[in-house]
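What follows draws every value from the coordinates through simple rules; no lab data is involved. Please read all numbers here as calculations on a predicted model, not as lab measurements. So basically every Cβ, Gly included, is an ideal-geometry build from the backbone, and we count neighbours across all protein chains shown.
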Amino acid sequence: MFALSLLLAGCCRASAPAEEEVRLPLVMYHHILADKAGCGDYVITPEMLEGDLIYLRDRGYTAVGVEDVLRWLDGEGELPAKPIMLTFDDGHESFAHYVLPLLEKYDMKAVQAPVCAWADKYTESPDDDPAYAYMSWPRIAEIAASGRVEIANHSYDMHLTEPRYGLKKKKGEDEAAYEAALTADLEKAEAKLAAACGYVPSVYAYPFGAYCPEAKRVLAGRGYRMVFTCVERVNVIKRGAAEPLELGRFNRAYRLDREKFFSAFE
């Protein structure tokens, strides 16, 4: 009987998931600019980005995608020993020009969150200068088809500072009016993203990191399983966690020393 108990215990251990809790840091990038004079809090050089990728690779990090994490949450497969997610906001043309070739060079993945209204503008008036332009819809379709980039919803046009700030409610706005406004923006963005990429994203990046409880409820109701904030923290995710999964991100500013920046992830 004792031997049978040991055998059963061993079988249970063998079939259990390797990890039920994982640390998952996210890096938030924006624009990539060759001219160092234009770099700042949300702009870095291609050389700096490449240095980051080399640093992460050499320290054993593996860039994972949204679907990798969602499958793990659902109990399907495992994540690498040191997963990290590389995210890029706003849909700058510099992503296609600089970032995608570096992802291919270092065999990494990333998430791109374009502002759909800006994609409309640069589709109507094409301009592919990586110094300032935003990606058109054909360009977004191209990067989405690369196999290295997942697309997030970053709103159709909620990148306003007045009278609304990100996804926050306007002063005096009641819940019904807010939900109608957010739903209309989501529907427009989702239709654009589905037409370009062939799918509606399961992840939403809050504009400016600004949101409210009503936003979380609306997004969850529309099937979003993951949201990106601008809170700087290393996420600890658990299988079976409540959805949508709310993830913090560290903003990669030009002024920050690489060693000091990434030391927060350990």
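Just a few scattered comments:
- If the segment from residue 74 to residue 107 were pulled out straight at 0.36 nm per residue, it would be longer than the present Cα-Cα gap by 9.4 nm.
- Counted over the chain, the DSSP beta bridges are approximately 20% antiparallel.
- For residue 251, the residues whose amide H sits under 5 Å from its own are 28, ignoring neighbours fewer than 5 places away on the same chain, with H placed 1.01 Å from N.
- Extension gain, residue 41 back to residue 254 (0.36 nm per residue minus Cα-Cα distance, nm): 76.1 nm
- Given charges at Cβ of Lys, Arg, Asp, Glu: the chain dipole, positive-most of 83, 176, 126: 83
- In this structure, the amide hydrogen of residue 136, modeled 1.01 Å from its nitrogen in the peptide plane, lies closer than 5 angstrom to no residue at least 5 positions away or on a different chain.
- Basic side chains Lys and Arg get +1 at the Cβ, acidic Asp and Glu get -1 at the Cβ, and with that the dipole of the range 140-266 about its Cα centre reaches some 340 debye.
- Residue exposure sequence - 212, 197 - by fewest surrounding Cβ within 10 Å: 212, 197
- When the convex hull of its Cα atoms is projected in every direction, mean area for the chain (nm²): 17.1 nm²
- Summing Cβ point charges (Lys, Arg +1; Asp, Glu -1) relative to the Cα centre of the chain gives a dipole of roughly 700 debye.
- Ordering 58, 127, 52 from the fewest to the most neighbouring beta carbons within 10 Å gives 58, 127, 52.
- Annotation: lysines with alpha-carbon distance below 27 angstrom to residue 216 (same-chain offsets under eight excluded): 109, 168, 169, 170, 171, 188, 192, 238.
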